[in-house]
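Novice: Please see the structure below; I have some questions.
The values are calculated or read from the model by the stated rules, or taken from the named source; none is laboratory data. Note that the coordinates shown come from a computational prediction; the quantities given were computed from them, not determined experimentally. Don't worry about glycine lacking a Cβ; one is built from the backbone with ideal geometry, like all the others, and counts go over all protein chains shown. Accessible surface is based on the protein model in full, side chains and every heavy atom, while ligands, DNA and RNA are left aside. Shrake-Rupley method; radii C 1.70, N 1.55, O 1.52, S 1.80 Å.
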Amino acid sequence: MYSGDDIARIHRVLVYKELGFPLAAIGRILDDPDADARDDLRRQRAQLVERISRCRRWSARSIA
């Protein structure tokens with residue numbers, strides 16, 4: 001049996017994994033009481049925005 005806390009943790013792991021976080025980073029975020037998940041999410045968002053921008057540039061070049 002899983003407790004409510006276990007299920008909440010699994011859900012958080014799945015969300016972070018879907019956002020592209022490596023498992024080591026997810027473990028750090030969830031286990032380190034001093035880790036700031038908001039900062040990690042902001043950094044991950046910036047990386048994803050940059051990746052999208054790069055893909056769009058590549059796509060525009062291949063169409064041209």
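Novice: Can you work out which of the residues in the range 36-64 that are open to solvent by less than 100 Å² (accessible area, probe 1.4 Å) and of a type in the set (A, V, I, L, M, F, W, C) is modelled with the lowest pLDDT?
Specialist: A37
Novice: Report, by residue number, each residue of the range 1-31 that is modelled with pLDDT of 90 or more, open to solvent by less than 60 Å² (accessible area, probe 1.4 Å) and either touching a strand residue (DSSP E or B) at 6+ places or on another chain (Cβ under 9 Å) or not in a helix (DSSP H, G or I) (or both).
Specialist: Passing the criteria: only S3.
Novice: Suppose we filter R56, R38 for residues that are assigned to a helix (DSSP H, G or I), on the phi < 0 side of the Ramachandran plot and within 12 Å of the chain's Cα centre (by Cα); which single one remains?
Specialist: The match here is R38.
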